[in-house]
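Undergrad: Attaching a single structure in structure tokens format; questions to follow.
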There are 2 protein chains.
Amino acid sequence: MLYLRYLVAENAMMVWVVDYKDLQVFQSVATTLHLGRVSQQLHMSASTLSRRLSKIEQEVGACLIDRGVSPWQLTPAGELFRQYVEQTLSSWQQLRRNVSQHISDLAGSLTLYCSVTASYSVLADVLSRFREQYPRVDLRVHTGDAAESIARVEAGDADVVIAARPESLAAHLTFKTIAHSPLLFIAPKSINSVAALHHTPIDWSQVPMVLSEQGLARTRVNQWFQGQGIEPHVYAQVSGNEAIVSMVALGVGVGVVPELVLRNSPMANRVRIMPIQPELEPFAIGLCARAERLSDPLVHALWKTAAL
Amino acid sequence: MLYLRYLVAENAMMVWVVDYKDLQVFQSVATTLHLGRVSQQLHMSASTLSRRLSKIEQEVGACLIDRGVSPWQLTPAGELFRQYVEQTLSSWQQLRRNVSQHISDLAGSLTLYCSVTASYSVLADVLSRFREQYPRVDLRVHTGDAAESIARVEAGDADVVIAARPESLAAHLTFKTIAHSPLLFIAPKSINSVAALHHTPIDWSQVPMVLSEQGLARTRVNQWFQGQGIEPHVYAQVSGNEAIVSMVALGVGVGVVPELVLRNSPMANRVRIMPIQPELEPFAIGLCARAERLSDPLVHALWKTAAL
DNA sequence: CGCAAATATAGCATTTTACGCAAAGCTGAA
DNA sequence: TTCAGCTTTGCGTAAAATGCTATATTTGCG
């Protein structure tokens with residue numbers, strides 16, 4: 001006769017990898033008691049389902065389903081687990097309800113100002129996420145010239161603006177970057193329209209440039225030309241990045257615009273991006289507000305939401 | 001002014017991938033409120049931990065931790081979630097206790113009979129697993145000749161036997177395969193000791209064979225020789241596979257034994273395995289019991305345990 | 001104001017895990 | 001005993017998680 005002396009640690013194989021999906025799976029199985037049907041119902045192959053059940057049983061530490069009979073039957077442990085799953089899942093949903101309830105308690109109104117440039121790419125993201133979590137906050141969004149944005153926050157016309165980060169930021173303002181957009185040189189699609197581009201290397205003094213009248217983009221371009229030791233031939237100075245794309249498309253000359261402006265421009269397919277080295281320093285797009293406004297729960301909430 | 005019309009489905013991004021590990025992680029973080037310390041404590045890199053927290057927040061649908069202060073602080077939603085986690089984890093452990101309680105309630109005694117051959121490989125597996133789940137069951141294991149095993153179940157001397165599956169199984173017996181072991185031809189290490197093996201192809205009529213007196217192994221060997229149209233030269237008939245290995249090791253002739261007997265034989269390094277084609281049909285090792293005994297909860301439990 | 005420490009994120013290589021398909025194994029019924 | 005349907009397993013591939021490193025932020029503290 002053989003005497004046993006196997007000692008098995010209680011939680012030896014526990015890895016705590018059961019997730020809520022597993023619980024849902026088990027719930028379906030416990031209801032349907034038929035692997036094939038459940039696998040169809042849950043759009044997963046029978047093998048996946050089978051393995052998932054095994055994993056669960058291993059984690060729970062007991063055989064949960066008596067597969068020896070048809071239809072399947074829950075073992076006593078399985079029945080216990082079924083009840084547990086029911087309770088746990090409902091408790092999880094309950095939590096989510098509570099949380100979203102809690103969250104959506106925030107109410108009030110928030111005024112945003114957004115440069116047209118910025119509105120193209122970032123606005124939708126920021127707003128949809130915020131809207132999801134705080135449906136009861138009344139959002140008012142104004143769009144306008146980028147140059148105005150900082151003034152708007154300072155004046156208090158807007159709680160938050162979405163704009164490119166200015167070269168220098170006043171001390172009482174806070175900025176949160178949420179995206180970057182490179183500054184691109186663009187030329188007409190038909191290179192013939194700007195004869196000077198035919199030379200290699202390009203003789204920039206002969207290239208008619210279409211640039212922003214002022215603002216960050218212009219600053220960056222000036223810095224770039226200066227760094228190259230070049231005196232550009234500025235053909236036209238425009239207010240508003242959108243117009244630059246149009247003018248370039250018409251063959252007037254070469255322009256510089258943020259990538260996201262170009263991406264959203266109806267003229268985008270009528271210009272081409274020039275591979276320029278070194279690249280211009282990209283724009284940082286983000287949120288800007290007066291520092292003291294961050295204590296406002298709504299502003300704070302928006303700030304956090306955008307962070308994700 | 002821009003009016004919003006974003007409709008965000010309530011559970012849009014839910015993928016239900018939060019597992020218990022995540023809950024543990026959050027619990028640690030909620031207690032320690034310090035990423036670095038927790039990452040050490042839990043043996044994971046800071047980046048992993050950070051990502052994991054983000055995932056959790058996304059699943060819960062709210063920002064749970066205010067990272068803007070030091071030390072961190074739970075948001076209201078975070079506090080809610082912390083309580084939830086506490087409750088859920090304890091409930092999970094409770095379930096496991098209940099289940100193992102439930103499981104280990106099974107008590108009584110079970111008598112196993114096990115052929116020496118089978119005991120080498122399978123017994124430990126089967127028993128340790130069973131022992132883990134049903135610690136209160138008193139297991140009595142007898143070992144003995146394989147040929148006797150079927151008789152033992154039929155007589156009721158053993159509730160279950162572990163043995164090779166016989167060629168034909170009486171109707172009132174059930175068998176559950178849990179392992180396979182190939183049947184191997186073995187020859188002495190020094191080939192010189194059996195001169196007939198020097199020819200190619202082997203002239204089997206000249207090779208002295210050491211075979212089981214009877215039993216499954218013998219049947220298989222007979223079938224094999226018959227299939228080859230060969231009349232073997234049976235030099236010795238032995239009872240018990242173990243003895244065959246010894247005799248072959250001594251240079252008496254060529255034998256046939258299950259792989260697992262060979263693996264566990266102290267003589268294993270004094271014989272060599274012959275690459276024989278076609279291979280003999282392997283043994284099926286498993287559990288055997290009288291069909292009606294399966295209704296006994298203990299037997300049933302053993303049956304299920306062995307299945308995993 | 002800026003510096004130092006802590007935290008977050010991106011990119012990458014590597015390991016782990018999950019999945020589906022096909023093949024093998026098992027169960028129940030003819 | 002054999003057959004058909006249901007399950008499980010083997011295996012190659014796809015997806016996800018993780019650690020590391022580098023970099024950008026952010027907080028706390030002079």
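Undergrad: Go through segment A:126-157 and count every residue that is in contact (Cβ under 8 Å) with a residue 40 or more places away in the chain and within 21 Å of the chain's Cα centre (by Cα).
TA: Matching residues across segment A:126-157 total 6.
Undergrad: Name the single residue, out of those in segment B:70-95 being within 7 Å of chain A (Cβ to nearest Cβ) and at pLDDT below 90, that is surrounded by the most Cβ atoms within 10 Å (Cβ to Cβ).
TA: Among residues in segment B:70-95 that are within 7 Å of chain A (Cβ to nearest Cβ) and at pLDDT below 90, the one surrounded by the most Cβ atoms within 10 Å (Cβ to Cβ) is B:Ala77.
Undergrad: Restricting attention to segment A:275-308, report how many residues are over 25 Å from A:Pro258 (Cα atoms) and of a type in the set (Asp, Glu).
TA: 2
Undergrad: Also, I was wondering about something else. Please count how many residues of segment A:181-203 are modelled with pLDDT of 80 or more and either within 16 Å of DNA strand C (Cβ to nearest atom) or open to solvent by 50 Å² or more (accessible area, probe 1.4 Å) (or both).
TA: So the answer is 4.
Undergrad: In addition: Looking at B:Asn241, B:Asn269, can you tell me which residue is of a type in the set (S, T, N, Q), exposed (fewer than 14 other Cβ atoms within 10 Å of the Cβ) and not assigned by TED's automatic domain parsing to the domain that holds B:Thr174?
TA: B:Asn269
Undergrad: I've got another one for you. Tell me yes or no: at least one residue of segment A:22-39 is in contact (Cβ under 8 Å) with a residue 40 or more places away in the chain, more than 8 Å from chain B (Cβ to nearest Cβ), within 11 Å of DNA strand D (Cβ to nearest atom) and out of contact with any helix residue (DSSP H, G or I) (no Cβ under 9 Å at 6 or more places or on another chain).
TA: yes
Undergrad: Which ones in segment A:51-62 are open to solvent by less than 50 Å² (accessible area, probe 1.4 Å) and either within 10 Å of DNA strand D (Cβ to nearest atom) or farther than 19 Å from B:Lys304 by Cβ (or both)?
TA: A:Leu53, A:Glu57
Undergrad: Something else now. Determine whether B:Gln40 is assigned to a helix (DSSP H, G or I) and more than 13 Å from DNA strand C (Cβ to nearest atom).
TA: no
Undergrad: Based on what the data block shows, is A:Ser149 in a helix (DSSP H, G or I), hydroxyl-bearing (Ser, Thr, Tyr) and more than 12 Å from chain B (Cβ to nearest Cβ)?
TA: In short, yes.
Undergrad: Where in segment A:218-308 are there helices (runs of 4 or more DSSP H), lying wholly inside it, with at least 3 residues that are within 16 Å of DNA strand D (Cβ to nearest atom), within 14 Å of another protein chain (Cβ to nearest Cβ) and touching a Gly at 6+ places or on another chain (Cβ under 9 Å)?
TA: A:297-307
Undergrad: If you don't mind, another one. Can you pull out every residue in segment B:48-65 that is within 9 Å of DNA strand C (Cβ to nearest atom) and either in contact with a strand residue (DSSP E or B) (Cβ under 9 Å, 6 or more places away or on another chain) or within 8 Å of another protein chain (Cβ to nearest Cβ) (or both)?
TA: Residues satisfying the conditions are B:Leu53, B:Ser54, B:Ile65.
Undergrad: Look at B:Ile103 and say whether it is over 28 Å from A:Leu106 (Cα atoms), aliphatic (A, V, I, L, M) and in a helix (DSSP H, G or I).
TA: Yes: the conditions hold for B:Ile103.
Undergrad: Could you please find all residues in segment B:107-130 being more than 11 Å from every other protein chain (Cβ to nearest Cβ) and open to solvent by 30 Å² or more (accessible area, probe 1.4 Å)?
TA: B:Ala107, B:Gly108, B:Ser109, B:Val116, B:Tyr120, B:Ser121
Undergrad: In segment A:96-106, how many residues are facing chain B (nearest Cβ under 9 Å) and of a type in the set (Ser, Thr, Tyr)?
TA: Adding up the residues that qualify gives 1.
Undergrad: Name the pairs: first residue in segment B:225-236 and closer than 20 Å to B:Glu213 by Cβ, second residue assigned to a helix (DSSP H, G or I) and of a type in the set (Val, Ile, Thr), Cβ to Cβ under 9 Å, at least 6 apart or on different chains?
TA: B:Pro232/B:Val221; B:Ala236/B:Ile244
Undergrad: Would you check if A:Gln214 is of a type in the set (S, T, N, Q) and either without any contact (Cβ under 8 Å) to a residue 40 or more places away in the chain or farther than 24 Å from A:Val116 by Cα (or both)?
TA: Against the criterion (of a type in the set (S, T, N, Q) and either without any contact (Cβ under 8 Å) to a residue 40 or more places away in the chain or farther than 24 Å from A:Val116 by Cα (or both)), A:Gln214 does not qualify.
Undergrad: Still on this structure, I have one more. So if I check each of B:Pro258, B:Pro282, B:Pro275, which one is more than 16 Å from DNA strand C (Cβ to nearest atom) and surrounded by fewer than 21 Cβ atoms within 10 Å (Cβ to Cβ)?
TA: When all the criteria are applied, what remains is B:Pro275.
Undergrad: Only one residue in B:Arg293, B:Arg270 is touching a helix residue (DSSP H, G or I) at 6+ places or on another chain (Cβ under 6 Å), under 29 Å from B:Ala170 (Cβ atoms) and among the charged types (D, E, K, R), so which one is that?
TA: Every option except B:Arg293 fails the conditions.
Undergrad: A follow-up question, please. Which members of segment A:205-217 meet the condition of being part of a helix (DSSP H, G or I) and crowded, with 18+ Cβ neighbours inside 10 Å?
TA: Selection gives A:Gly215, A:Leu216, A:Ala217.
Undergrad: Taking the conditions exactly as written (within 17 Å of B:Cys288 (Cβ to Cβ) and of a type in the set (Asp, Glu)), does B:Asp138 satisfy them or not?
TA: no
The values are calculated or read from the model by the stated rules, or taken from the named source; none is laboratory data. Computed from a prediction, not measured in an experiment: that's the story for all the values here. Glycine also receives a Cβ, built like all others from the backbone with ideal geometry; neighbour counts cover every protein chain displayed. To get the accessible areas, we keep the full protein, side chains included, count just its heavy atoms, and leave off ligands, DNA and RNA. Shrake-Rupley method; radii C 1.70, N 1.55, O 1.52, S 1.80 Å.
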